[in-house]
Structures are given as structure tokens and as C-alpha cells.
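Trainee: Here's a structure for you.
We did not get these values from a lab; they are worked out from the coordinates using the rules stated. Because the structure is predicted, anything quoted here is derived from the model rather than measured.
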């Protein structure tokens, strides 16, 4: 069985979407946990209250940036594999 470049590209695109979603979810969840921890400290009187926007706005920006970065890495790898699978006669 021979892999076709189109198949590799479709699988790569799906993998990049999954990677984006997973990274974005993990970073966002981490920010939510950080917000909860800060609010618990504030409720215990050991810190000042923090607005959710102050914690989550930068977290969401970072989650999108990190998700895009890692999905671009996956896409780059998939494009490299697909380019090696192309028939060499197309480049002449």
C-alpha cells in the first residue's frame, strides 16, 4: 500500500485541529485553576480579590497562540512528509 500525498495532508489537517484543541483546552484549564486558587486566597483573607477577566483574558490569548504554534508544527511535519511522497517528475 502506497501513501498518497492527499491522504497525508488530510490526516495532517485533522491532527493539527486535534492538537490545537487539546493545547488550547489545557492552557485554558490551567488559567481557570489559577483563577480559582487566587480567589480562594482572597476569600481566606490572604490576598486581594481578582477579576476573572484579569486572569482569563491573557490566558485565552496565550492558549490560542500556543495552540496555533503547535498545530503549525504538526502541519509543517505533514507538509514535509507529503512533499517527499510526491512523484519526482512533477518537479522537472
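Trainee: Which distance in Å, rounded to a whole number, links the C-alpha centroids of region 52-92 and region 1-50?
Mentor: 15
Trainee: With everything on Cα atoms, drop me the angle between helix 52-85 and the longest principal axis of the chain, reported from 0 to 90° to the nearest 10.
Mentor: Approximately 10 degrees, to the nearest ten.
Trainee: OK, next. Radius of gyration and Dmax for region 5-86's Cα atoms, expressed in Å?
Mentor: 18.5, 64
Trainee: Which value, to two decimals, describes the C-alpha radius of gyration of region 9-57 once divided by 2.2 N^0.38 Å?
Mentor: The reported ratio for this selection is 1.68.
Trainee: Related question: Using only Cα atoms, find the angle between the long axis of helix 5-43 and the longest principal axis of the chain, and express it within 0 to 90 degrees, rounded to the nearest 10.
Mentor: 10
Trainee: Take every Cα pair under 8 Å in region 5-86 that's 6+ residues apart, average their separations, divide by the length, and report that relative contact order as a whole percent.
Mentor: Values: 76 pairs, mean separation 42.5, N = 82.
RCO, region 5-86: 52 percent.
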